[in-house]
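Student: Let me begin by handing over the structure; questions about it come next.
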Amino acid sequence: MQTRVSTAPTPGSATDDRRIKARIAGVGSALPARIMSNDDLAEFVDTSDEWIFSRTGIKQRHIAQDGECSSDLAERAARAALDNAGMTVDDIDLIVVATATPDNTFPATAVSVQHRLGMTHGAAFDVAAVCSGFVYALTVTNAMIGQGMAKRALVIGAETFSRILDWEDRTTCVLFGDGAGAVVLDSSVGVGEGQAGIIATSLRSDGSHKDKLFVDGGPSSTQTVGHLRMRGQDVFRFAISATVDVVEDVLAKGGITADDLDWFVPHQANKRIIDASAKKLGIAPEKVILTVQDHGNTSAASIPLALASPSFTARVRPGDLVLIEALGGGFTWGAALIRW
Ligand code: UT7
């Protein structure tokens, strides 16, 4: 008699790649106190509220005060996320900050946050993937937790894009804002259908597009900080068409369709991009979380800011399926499917 040897892993076992590794245990955010409306902008830039709102959906953005750095915003968001999770910094053993506007060339903004939180244990580092930075940071952290390299982590998106804007260039300076958002990732116990956690992630990049959205300075090239430059229409077109692949990938890995999603929390760059993406993916408008009107494009901070916004926290329920997705300079893009 032949014994059948099963090669399929026991669901939820250590060898099961489908095992959920980390869940979001808390969310938090921080915004600079100073708000700049479209009308405020129109006082010194040749633009109008009508143009900005009709093209982008943006009504206002927050702008950091002099001396207010990405690490200040990141620290505040981190503390709020720890409070929300009912944890202290002693519970955390990893900090990952996604930012394209670090306080300094080095050290990483994450170690400044670690120091400000009074944490001398564990590890901290930055991830640079611009507007997809949070999806990248979440993916890397989830993988590290899955490998047993960390137990509980702060994943933070923090930006002060106002510092790299050319305020003479109306095609870009009206689009961006400052802010930070953070989540606490906790290694999950228990497995099975319906368990809270990160179900699937998918990352992509294609450096052949790097000249479409970039900063024209840097320590190794010009020894200056530089300013953001963008070919807006190229980014617009790519953002709608290309991100479908990562979304389809995470839906397939999760064994669901777009119909099963409860919430879509995309990178908040432009309401027209978000609307067109949701339509293309077949996601109903009432499932789309929108914060771009209040924050503008805050790059890596936009998704965690949205996850911590009342428009999401007041409506999401345990067990809901949440899709996050972003595209940024590089181009880089990615998506994650999360059960709340
Ligand atoms: O996180 C990823 C990063 N970025 C993005 O996702 C942004 C992607 N791109 C976009 O969102 C859009 O392309 C923009 C909002 C940047 C621009 O919208 P558009 O509909 O593509 O406008 P356009 O660039 O074709 O410009 C139309 C007109 C131009 O005037 P003419 O040449 O038609 O006379 C521009 O000079 O609008 C003019 N314009 C402005 N007018 C008033 C450009 N910027 C402004 C402005 N205010 N701020």
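The values are calculated or read from the model by the stated rules, or taken from the named source; none is laboratory data. Since this is a predicted model, take the numbers as computed values, not measurements. Cβ: placed from backbone, ideal geometry, glycine included. Neighbour counts: every protein chain shown. Accessible surface areas use protein heavy atoms only, side chains included; no ligands, DNA or RNA. Shrake-Rupley method; radii C 1.70, N 1.55, O 1.52, S 1.80 Å.
Student: Considering only protein heavy atoms and a probe of 1.4 Å, how much of the accessible area of the stretch 55-120 is carbon and sulfur, as a whole percent?
Tutor: Carbon and sulfur: 44 percent of the exposed surface of the stretch 55-120.
Student: If you add up the charges near residue 54, with Lys and Arg at +1 and Asp and Glu at -1, over every other residue whose beta carbon is less than 15 angstrom from its beta carbon, what do you get?
Tutor: Spelling it out: positives minus negatives among the neighbours equals +1.
Student: For the chain, modelled as a GNM with alpha-carbon contacts under 10 angstrom, which of 104, 297, 142 fluctuates the most?
Tutor: 104
Student: Further question on the same structure: Put a dot 7 Å past each Cα toward the Cβ at residue 256 and residue 115; how far apart are the dots in nm?
Tutor: Going from the residue 115 label point to the residue 256 one covers 4.1 nm.
Student: Within the stretch 105-175, list the chymotrypsin sites (Phe, Trp or Tyr not before Pro) lying in a DSSP loop whose Cβ has at most 14 other Cβ atoms in a 10 Å radius.
Tutor: Loop-located and lightly packed - 167.
Student: Continuing with the same structure: Multiply the residue gap between residue 106 and residue 51 by 0.36 nm, knock off their C-alpha separation, and tell me the result in nm, one decimal place.
Tutor: Between residue 106 and residue 51, full extension yields 16.0 nm more.
Student: I've got another one for you. Which log10 I(q)/I(0) values, to two decimals, does the chain give at q = 0.07, 0.08 Å⁻¹ under the Debye formula with one point per Cα?
Tutor: -0.27, -0.35
Student: Still on this model: For the pair residue 314 and residue 223, how long in nm is the line joining their label points, each one 7 Å along Cα→Cβ?
Tutor: 5.3
Student: What is the mean projected area of the alpha carbon convex hull for the stretch 197-339, to one decimal in square nanometres?
Tutor: With the hull built on Cα positions only, its mean projection is 8.9 nm².
Student: Please find the FRET efficiency linking residue 125 to residue 195, where r is the Cβ-Cβ separation and R0 is fixed at 30 Å, and quote it to the nearest 0.05.
Tutor: 0.60
Student: Let me ask something additional. Hey, in the GNM for the chain with a 10 angstrom Cα cutoff, which one of 219, 304, 266 fluctuates hardest?
Tutor: 219
Student: When the chain is fully extended, how far beyond the present Cα-Cα distance does residue 171 get from residue 83, taking 0.36 nm per residue of separation?
Tutor: Stretched out fully, the residue 171 to residue 83 stretch lengthens by 27.8 nm.
Student: For the pairs 151/280; 59/287; 151/253, note any where the Cα-Cα span goes beyond 31 Å. Write down the numbers at each step before the final one.
Tutor: Values: 151/280 37 Å; 59/287 21 Å; 151/253 24 Å.
Those over the limit are 151/280.
Student: Could you give the alpha-carbon Rg of the stretch 19-190 over 2.2 N^0.38 Å, rounded to two decimals?
Tutor: Normalised by 2.2 N^0.38 Å, the Cα Rg of the stretch 19-190 equals 1.11.
Student: If you take the beta carbon distance between residue 90 and residue 35 as r and set R0 to 41 Å, what does 1/(1 + (r/R0)^6) give as a FRET efficiency, to the nearest 0.05?
Tutor: 0.70
Student: Dividing the alpha-carbon Rg of the stretch 184-255 by 2.2 N^0.38 Å yields what?
Tutor: Numbers: Rg = 18.5 Å, N = 72, 2.2 N^0.38 = 11.2 Å.
Against the compact-globule rule of thumb, the ratio is 1.66.
Student: When the chain is modelled as a GNM with alpha-carbon springs shorter than 10 Å, which of 76, 237, 272 fluctuates the most?
Tutor: 237
Student: A follow-up question, please. Determine the calculated [θ] at 222 nm for the chain from helices alone, applying -39500 (n - 2.57) to every DSSP H run no shorter than 4 residues and normalising by the residue count; nearest 500 deg cm²/dmol.
Tutor: The helix contribution divided over the chain gives -8500 deg cm²/dmol.
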